[in-house]
Amino acid sequence: MRGIILCAIFGVISASAVASTEPFNWRDWAKRPSIIKRIGALAQSELAKAGHGPGPSSACQPVECPESRDRCKFSPEKNKEVVLDFYSQVFVLRNFSVVDAYYDPDILQHNPYIGDGKKPFMEYIVTSKVVPFQIFRPVADCDLVYLHVKTEDDRNKPLAIVDIFRLDCGTIVEHWDVAQEIPGKSANPRAMF
Ligand SMILES: *[C@@H]1O[C@H](CO)[C@@H](O)[C@H](O)[C@H]1NC(C)=O
């Protein structure tokens, strides 16, 4: 999808370069508000095509949930509680029954090493090593919850992770993550967290 967005962005930049009478300098493109606006609109339409909601502002409407789901008071704070409970039960206490409680059977997975759905996640998690976790910045934005996490990879190398979850009526329906190794040396005097 990123490729599509980049192509689309490049398309907009080249189109505007052709339309303009001034020579196009790619270094100036970021200063042009109309281009920024169009790129924003393109990103939103790509998100819509990928099956995501139109973004936080309208995703924050009250959600109609089935009566059977009594966790259905879906404020961002409630979504954050669900994710923090899920995360600590699975990764810290290794209580895998929370996967049944919180994970959508058809969860959309963006981590390229894990397939869609509950089963591939279970296969991944039961074989993974126990590693220490510290959650630094849990942030909820409508139906999205972000965690800034310090952990380790399988060879005990420290890692900085951001995990992003999308929730629907108390169920985790989509997941993204990015990971960065924590190097021994830093160019600034602060720790990464
Ligand atoms: C494990 O998770 C389930 C489902 O959320 C919960 O009911 C149970 O109390 C948890 N067990 C422990 C030991 O925390």
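The values are calculated or read from the model by the stated rules, or taken from the named source; none is laboratory data. These numbers come from a predicted model, not from an experiment. All Cβ positions, even for glycine, are placed from backbone atoms using ideal geometry, and neighbour counts span all protein chains on display.
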Problem set entry | Residue list for the stretch 73-88, restricted to those being under 11 Å from THR171 (Cα atoms), under 17 Å from the mean Cα position of the chain (by Cα) and of a type outside the set (S, T, N, Q) | VAL82, VAL83, PHE86
Problem set entry | Residue in the stretch 124-134 that is under 17 Å from ARG166 (Cα atoms) and either at pLDDT below 90 or among the aromatic types (Phe, Trp, Tyr) (or both) present | no
Exercise. Do you know which residues across the stretch 89-110 are within 18 Å of the chain's Cα centre (by Cα) and polar (S, T, N, Q)?
Worked result: GLN109
For this session: Take the residues in the stretch 108-123 that are exposed (fewer than 12 other Cβ atoms within 10 Å of the Cβ) and not in a helix (DSSP H, G or I), then tell me which one is farthest from the ligand (Cβ to nearest atom).
Result: PRO112
Seminar exercise, completed: The correct count of residues that are surrounded by fewer than 19 Cβ atoms within 10 Å (Cβ to Cβ) and assigned to a helix (DSSP H, G or I) in the stretch 72-87 is 6
For this session: Among the numbered conditions (1) modelled with pLDDT of 95 or more; (2) surrounded by fewer than 17 Cβ atoms within 10 Å (Cβ to Cβ), tell me where ASP163 comes up short.
Result: (2)
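For the stretch 124-132, state whether one or more residues are within 16 Å of the ligand (Cβ to nearest atom) and either loosely packed, with under 11 Cβ neighbours inside 10 Å or without any contact (Cβ under 8 Å) to a residue 12 or more places away in the chain (or both). Show your work before the answer.
Applying the first criterion (within 16 Å of the ligand (Cβ to nearest atom)) to the stretch 124-132 yields 125-126, 130.
Right, trim to either loosely packed, with under 11 Cβ neighbours inside 10 Å or without any contact (Cβ under 8 Å) to a residue 12 or more places away in the chain (or both) and you get 126, 130.
The answer is yes, given that some residue of the stretch 124-132 is within 16 Å of the ligand (Cβ to nearest atom) and either loosely packed, with under 11 Cβ neighbours inside 10 Å or without any contact (Cβ under 8 Å) to a residue 12 or more places away in the chain (or both).
Regarding ALA160, is this residue within 16 Å of the ligand (Cβ to nearest atom) and of a type in the set (Gly, Ala, Ser)? Don't jump to the end; show me each part of the working.
Numbers: within 16 Å of the ligand (Cβ to nearest atom): no; of a type in the set (Gly, Ala, Ser): yes.
Spelling it out, it is not the case that ALA160 is within 16 Å of the ligand (Cβ to nearest atom) and of a type in the set (Gly, Ala, Ser).
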Seminar exercise, completed: Selection from the stretch 134-175 of residues over 18 Å from the mean Cα position of the chain (by Cα) and either on the phi > 0 side of the Ramachandran plot or among the aromatic types (Phe, Trp, Tyr) (or both) yields ASN156
Problem set entry | Selection count where residues are aromatic (Phe, Trp, Tyr) and either modelled with pLDDT of 95 or more or closer than 19 Å to VAL149 by Cα (or both), scope the stretch 90-120 | 2
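Quick check on my filter: what residues within the stretch 88-107 are part of a helix (DSSP H, G or I) and near the ligand (Cβ under 6 Å from one of its atoms)?
Just the residues of the stretch 88-107 that are part of a helix (DSSP H, G or I), to begin with: 88-92, 97-102.
Within the stretch 88-107, GLN89, SER97, VAL98, ALA101 meet the criteria.
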Exercise. So which residues in the stretch 111-125 are among the β-branched types (Val, Ile, Thr) and under 18 Å from the mean Cα position of the chain (by Cα)?
Worked result: ILE114
For this session: Please give the strands (runs of 3 or more DSSP E) falling wholly within the stretch 136-191 in which 1 or more residues are small (Gly, Ala, Ser).
Result: 139-141, 158-168, 171-181
